[in-house]
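The numbers here are math on the coordinates, done by the rules we state, and not lab data. This is a predicted model, so every value here is computed, not measured. Reconstructed Cβ throughout: ideal geometry from the backbone, glycine too, with neighbour counts over all protein chains shown.
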Amino acid sequence: MNIEHEPKPLTLGSAWREGAKRLRQADVEEADADAELLLLYLLGINKTVLLRDLREPFPETKLEEWNSLLQRKRNGEPVQYIIGEQYFYGRAFEVTSSVLIPRPETELLAEAILNIADVLWPASDFNEMNGLTLLDVGTGSGILAITMASERPNWRITASDLSREALAVAGRNAGLNGVEERIEFVQGDLLQPFIARDELDDPKIIDILVSNPPYIPSSDIPHLQREVKDHEPLLALDGGEDGLNPYRIMSGQLRQLPQLPRLVGWEVGAGQAEDVAELLRAVTDWDEIRFIKDYAGIDRHVIAIK
C-alpha cells in the first residue's frame, strides 16, 4: 500500500535553509549570512525573534517577495544594496548603487584618526567655537564624516564627493544620524574645491584630511567579484592604471591648500602603502608616517602626522 505524504509546511527555519541552499547553488560566497539578512529584512524582525520563531509558518503572502530577493542575490547583487543598509562603527547607513558599500577595515581608519587627534589636540584646548576642522574627500555614503561628527561633536566637518548622487545619499545619512546641521557637503574633484584661487577666496583651513579614494588598478576591475565589478560604482573603484592616481593628485594639491593639514589619513589598496607614503614624503617633512594593518594583515591605511 502506497502512503502519500503531504509536503511539510514551510517554516521560517526551512525558508532560511532552503534560501541559503539556493544561494550556494549560485556560488554566493556568504550564502548562509546573506539568506539570514534577506529573511530578517523581508519579515522586519531581528535575529533573536527569528531564532525564537524558527518553527513558525512562513507567511504565504511573503513567498513571492522572498523568491524575488533570493533571485536578486543569485544574480550577484550585493545584499547591502538589496536591503538598502549597512552598519559602520555601530551606526546604520543607507547604501544605494550610487555609493561604495562600507567595509569593516575602514572602521580602523576612523578609530586611528580619532585616537591620534585626541593626542595631537587635547580636548581641553578646544571648545564649541574653535573645534578642529576635518575634511573627508570622496565621502561616498558619508561614513567617515558622519562618524567623526557623531564621535566628536565639537569638530567642524566638511565632506566632498565628485558624485551628486553620492552626496545625496551622504546627506540623508547625516539626517538619519542627527548630524546634518554640522556637516558641510561640497561637490568637487578631490581637493580642487578647497584650493584658494585668488585673494577674494575665503581659505578653508583643514586640520585633518581623511579619504578612502578609488584605488583599484583599472586592469584589475574586470577580475573583481561580480558583486563589486557589476554593481558598485566604477567612479568609486577605478584608481587609474596603477590605482595611485587619486593619491598623486591629492599629494600635489596638498601644497596648494592655505595650510597643510596636520593629520592625513588615507585608505589604500594592497601593496600600495609604501608608494603612497613616498608621495606624502615628497610634500613635506612629516614628523611621522605610519601604516595601519587591516584584519587580513595588509597595510591598509597610511597616516601622516605633522
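Tell me, what is the FRET efficiency for residue 41 and residue 242 to the nearest 0.05, using R0 = 41 angstrom and their Cβ-Cβ distance as r? E between residue 41 and residue 242, to the nearest 0.05, is 0.60.
Computed extension gain for residue 230 through residue 270, at 0.36 nm per residue and net of the alpha carbon distance, reaches 12.3 nm.
Are there any chymotrypsin sites (Phe, Trp or Tyr not before Pro) in region 104-185 that are in a DSSP loop and have at most 15 other Cβ atoms within 10 Å? List them by number. Walk me through the numbers before you get to the answer.
On the way: sites: 126, 155, 185; in loops: 126, 155.
Listed in order of number, the matching sites are 126.
The label point for residue 103 and the one for residue 33, both projected 7 Å from the Cα toward the Cβ, are 1.4 nm apart.
The magnitude of the dipole of the chain, with charges of +1 and -1 set on the Cβ of Lys/Arg and Asp/Glu and taken from the Cα centre, is near 480 debye. For the chain, the longest principal axis of the Cα atoms and the long axis of helix 164-176 meet at an angle of about 80 degrees. Suppose only helical runs count, i.e. DSSP H with n ≥ 4. What mean residue ellipticity at 222 nm does that imply for the chain under -39500 (n - 2.57) per run, divided by all residues and rounded to the nearest 500 deg cm²/dmol? It comes out at -11000 deg cm²/dmol, rounded to the nearest 500. Reported to the nearest whole Å, the Cα centre-to-centre distance from region 49-78 to region 201-251 is 35.
Give the calculated FRET efficiency between residue 259 and residue 162 to the nearest 0.05, with a Förster radius of 25 Å applied to their Cβ-Cβ distance. Before the final figure, lay out the partial values.
Values: r = 24 Å, r/R0 = 0.95.
So, using R0 = 25 Å, E works out to roughly 0.60.
Among 283, 169, 264, the largest mean-square fluctuation in a Gaussian network model of the chain, built with springs joining Cα atoms closer than 10 Å, belongs to 283. Comparing 96, 139, 61 in a Gaussian network model of the chain, where Cα atoms under 10 Å apart are tied by springs, the biggest mean-square fluctuation is seen for 61. Bridge orientation summary for the chain: considering DSSP beta bridges with both residues in this region, about 45 percent are antiparallel. Computed from these coordinates, which is Rg and Dmax of the Cα atoms in Å: (i) 22.8, 71; (ii) 19.4, 58; (iii) 22.7, 97? Matching entry in (i) 22.8, 71; (ii) 19.4, 58; (iii) 22.7, 97: (iii). Modelled spin-label separation between residue 48 and residue 115, with each label point placed 7 Å from Cα along the Cα-to-Cβ direction: 3.1 nm.
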